[in-house]
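K.L.:
Take a look at the following structure, please.
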Amino acid sequence: MKDFSSGDRSPEYFYLGLYVLVGAGALMMAVGFFGCCGAMRESQCVLGSFFTCLLVIFAAEVTTGVFAFIGKDIAIRHVQTMYEEAYNDYLKDRGRGNGTLITFHSAFQCCGKESSEQVQPTCPKELLGHKNCIDEIETIISVKLQLIGIVGIGIAGLTIFGMIFSMVLCCAIRNSRDVI
C-alpha cells in the first residue's frame with residue numbers, strides 16, 4: 001500500500017471531490033437561474049424545464065442515498081482493510097515509518113488494534129488511553145454517513161418543494177392565459 005504522505009500522487013487526485021462539488025454548485029446555480037427566469041417571464045416552457053431539471057437532480061439524490069446506505073458496510077470494511085495493511089506494513093519495517101498509519105491515528109484519534117504498544121510512536125501525543133482503531137473507524141464512518149443522510153433528506157425535501165411550486169406556478173400561468 002502506498003504511503004499517503006509520499007509525493008507520488010498528483011494534486012488533482014486530492015482535489016477531485018472539490019471539483020465535483022464546484023461542478024454540482026454551478027449546475028444548481030444554473031438550474032435556479034432558469035427557474036427565476038421562467039417565473040419572471042411567466043414562461044411555461046422554462047418552468048417545465050426547471051421542473052425536469054429538479055426531477056433529475058432529485059432522482060440522482062435518491063440514487064446516491066440508496067447506494068450510500070447499501071454500501072455503508074463495504075466502505076467501512078474497505079477503510080478498515082486499508083488500516084490493517086498500513087498497520088502490518090509498519091510492523092514489518094518499523095524503521096521506515098508509515099505516514100499512512102500516522103494519518104489514520106491522527107484522523108480517527110485512535111491507536112493500534114488490540115493494544116497500542118506495538119505502534120506507540122505513530123500515535124497522537126494528546127490521546128489518553130487506548131482506543132481500538134478498527135472500532136473507531138466503524139463508529140466515526142457510521143456517524144458521518146448518518147449525518148450526510150440527514151442533510152440529503154433535507155435537500156431532497158427542498159427539491160420536492162421546488163418541484164411543487166414550479167408546477168403550481170406553471171398551472172397558474174396557464175389558467176391566467178386561458179382567462180384572457
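The values are calculated or read from the model by the stated rules, or taken from the named source; none is laboratory data. All values reported here derive from a predicted model rather than from experimental measurement. Quick reminder, even Gly has a Cβ in these numbers, built from the backbone with ideal geometry, and neighbours come from all protein chains shown. Calculation scope for accessible area: heavy atoms of the full protein, side chains included, ligands and nucleic acids excluded. Shrake-Rupley method; radii C 1.70, N 1.55, O 1.52, S 1.80 Å.
K.L.:
Kindly provide the helix-only [θ] at 222 nm of the chain, computed as the sum of -39,500 (n - 2.57) over DSSP H runs of four or more divided by all residues, to the nearest 500 deg cm²/dmol? Before the final figure, lay out each step's value.
P.N.:
On the way: 6 runs with 135 residues, N = 180.
After summing the helix terms and dividing by residue count, I get -26000 deg cm²/dmol.
K.L.:
Report, in whole Å, the centroid distance computed from the Cα atoms of region 111-142 and region 21-41.
P.N.:
45
K.L.:
What size of dipole, in debye to the nearest 20, comes out for region 10-179 about its Cα centre when the only charges are +1 on Lys and Arg C-beta atoms and -1 on Asp and Glu C-beta atoms?
P.N.:
420
K.L.:
Quick one: Kirkwood hydrodynamic radius for region 10-179, alpha-carbon pairs, angstrom, one decimal? Don't skip to the end; give the middle numbers.
P.N.:
On the way: mean 1/r = 0.0504 Å⁻¹.
This gives a value of 19.8 Å.
K.L.:
Further question on the same structure: For the chain, which whole percent of the accessible surface, found with a 1.4 angstrom probe, sits on carbon and sulfur atoms?
P.N.:
Carbon and sulfur atoms account for 68 percent of the accessible area of the chain.
K.L.:
Counting heavy atoms of the protein chains only and a 1.4 Å probe, report the per residue accessible area for region 10-179 as a whole number of Å².
P.N.:
Working: 11170 Å² over 170 residues.
Here the per-residue accessible area is 66 Å².
K.L.:
Once whole DSSP H runs in the chain are found, which of them have Cα atoms spread over 24 Å or more along the helix axis and a mean Kyte-Doolittle score of at least 0.0? Provide the component values of the computation, followed by the final result.
P.N.:
On the way: long enough: 16-41 (37 Å, 1.66); 44-70 (39 Å, 1.89); 72-92 (30 Å, -0.89); 133-179 (68 Å, 1.33).
TM-like helix candidates: 16-41, 44-70, 133-179.
K.L.:
Also: Expressed as a rounded percentage, what relative contact order does the chain have, with Cα pairs under 8 Å and six or more residues apart?
P.N.:
27 percent.
K.L.:
With the crude spin-label approximation of a point 7 Å out along Cα→Cβ, what separation in nm comes out for residue 78 versus residue 49?
P.N.:
3.6
K.L.:
Looking only at 141, 102, 164, which one moves most when the chain is put into a Gaussian network model with springs between Cα atoms under 10 Å?
P.N.:
For the chain, modelled as a Gaussian network with Cα springs under 10 Å, the answer is 164.
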